[in-house]
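The values are calculated or read from the model by the stated rules, or taken from the named source; none is laboratory data. Since this is a predicted model, take the numbers as computed values, not measurements. Note that each Cβ is placed from the backbone with ideal geometry, even for glycine, and that neighbours are counted across all protein chains shown. Side chains included, ligands, DNA and RNA excluded: accessible areas come from the protein's heavy atoms. Shrake-Rupley method; radii C 1.70, N 1.55, O 1.52, S 1.80 Å.
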Amino acid sequence: MRKLPPLRALQVFEVAARQLHFSQAAQELCITQSAVSHQIKLLEQHFDTALFHRKGRAFSLTEQGQLLYTEVSRIFNELSDINQQLLGQPSAAIRLAVFSSFAVKWLIPRLTSFRQLHPEIKVRLDMITEEPSLSDSVADMFITGQSQQQHYFQRLLHKERLIPVCSPQRLAEHPIHNVDSLWQHPLLIVDEGPLGMDWHNWSNANAIALSPHCQQHLFSHVLLAIEAAIAGQGIALASDFMVESDIEAGKLVALELPSVETGFEFNFLCKQRRLKEPAIATFSHWLFNQTLSVH
């Protein structure tokens with residue numbers, strides 16, 4: 001006879017561990033916060049070990065709690081998959097967590113073709129601004145910089161390379177023949193957080209000192225710098241794939257100046273066990289067959 005922990009307590013624990021917040025777990029489960037605490041206490045008594053660290057209102061998982069959460073989450077996900085299969089209800093609605101820059105400048109313009117080919121599959125795009133927690137509760141698929149994640153299928157989509165771009169009008173008015181002529185234009189600098197300022201990284205990578213006399217305009221996001229470049233406000237550094245369509249449309253010109261590789265990689269990830277789900281398999285196959293080049 002199998003010896004199992006209290007199953008209701010496991011269900012409550014999985015939600016509380018995912019939320020790391022008992023009141024939010026209570027809301028998701030439609031029970032009281034005290035009921036959540038009671039179920040967690042039952043489970044801790046069953047295993048004779050603490051599953052959460054409690055510091056005031058803050059919660060974190062203990063080592064044993066993290067182990068239990070990893071396995072319980074996997075088992076519940078597999079049960080959910082089996083339930084859908086037996087009911088004949090394969091999901092045709094999938095969620096993709098993706099950086100806004102990748103979505104706006106590359107993915108969304110191409111999604112029209114996917115939706116024409118597969119109108120039965122509903123794709124929800126969830127914008128991320130930093131690396132997300134890889135969990136089915138966050139999304140079904142991810143385009144992220146993370147890699148080598150256990151139990152996840154991974155496919156490299158693109159290695160980021162920044163190229164200098166500006167509007168054709170600005171270039172016509174003030175031609176750029178070499179690096180020295182670059183300094184008569186304002187530099188549209190993006191602060192990339194841990195990576196630093198993009199033009200400063202370009203300078204270091206190519207051993208080219210930035211002129212102390214050139215104007216510099218600062219942006220918090222590359223999409224803002226690209227739009228400023230299109231508006232003729234200066235020279236931006238942009239991922240080559242992001243400005244592909246703008247260059248083709250004549251909104252931007254790629255300058256004959258050195259580029260810089262940031263080391264960032266855009267990877268597609270999804271749970272290995274879910275790769276063969278019809279909707280995910282169809283979308284990933286379409287995505288991999290797009291013309292995004294890998295350098």
Distance in nm between label sites at Glu173 and Glu28, each 7 Å beyond Cα in the beta-carbon direction? 5.3
Checked segment 137-187 with the C-alpha gyration tensor, a ≥ b ≥ c its square-rooted eigenvalues, rounded below a/c of 1.5, otherwise prolate if a/b is larger than b/c and oblate if not; verdict prolate
Taking amide H positions as placed 1.01 Å from N in the peptide plane, with prolines and chain starts having none, which residues 5 or more places from Met197, or on another chain, fall under 5 Å of its amide H? Glu192
In the set [x] 25, 22, 20; [y] 47, 24, 15; [z] 47, 22, 19, which value of semi-axes √(5λ) of the Cα gyration tensor in Å was calculated from the structure you see? [y]
Distance (nanometres) between label positions extended 7 Å along Cα→Cβ at Ile247 and Leu4: 5.8
If one computes the Cα centroid of segment 192-244 and of segment 1-41, what distance in Å separates the two points? 48
Charge dipole of segment 240-280 about the Cα centre (unit charges at C-beta), most positive-ward option of Ala279, Val260, Ala249: Ala279
For Gln149, other-chain or 5+-apart residues with amide H closer than 5 Å (H placed, Pro excluded) are none
Reachable lysines from Lys159, Cα under 19 Å, same-chain residues fewer than 8 places away excluded? Lys105
When only Cα pairs under 8 Å and 6 or more residues apart are kept, what is the percent relative contact order across segment 132-212? 12
How large is the charge dipole for segment 1-122, taken about the Cα centre, if only the Cβ atoms of Lys, Arg (+1) and Asp, Glu (-1) carry charge, to the nearest 20 debye? 360
Using the Cα gyration tensor of segment 38-126, with a ≥ b ≥ c the square roots of its eigenvalues, what is the shape: rounded (a/c below 1.5), prolate (a/b larger than b/c) or oblate (neither)? oblate
Using amide H atoms built 1.01 Å from N in the peptide plane, name the residues 5+ places from Ile128, or on other chains, whose amide H lies under 5 Å from its own. Val98, Phe99, Ser100
Order by accessible surface, 1.4 Å probe, largest leading, for residues Lys3, Lys55 comes to Lys3, Lys55
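What 222 nm value per residue comes from the helices of the chain, counting each DSSP H run with n ≥ 4 as -39,500 (n - 2.57) and dividing by all residues, nearest 500 deg cm²/dmol?
-11500 deg cm²/dmol
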Among the aspartates and glutamates, which fall within straight-line cross-link reach of Lys271, defined as a Cα-Cα distance under 19 Å, with same-chain neighbours fewer than 8 residues apart omitted? Glu14, Glu71, Glu78, Asp81, Asp126, Glu131, Asp136, Asp140
Work out the FRET efficiency for Thr62 and Lys276 from their Cβ-Cβ distance, taking R0 = 35 Å, and round it to the nearest 0.05. 0.50
Roughly how big is the chain's charge dipole about its Cα centre, with Cβ charges of +1 (Lys, Arg) and -1 (Asp, Glu), in debye to the nearest 20? 1180
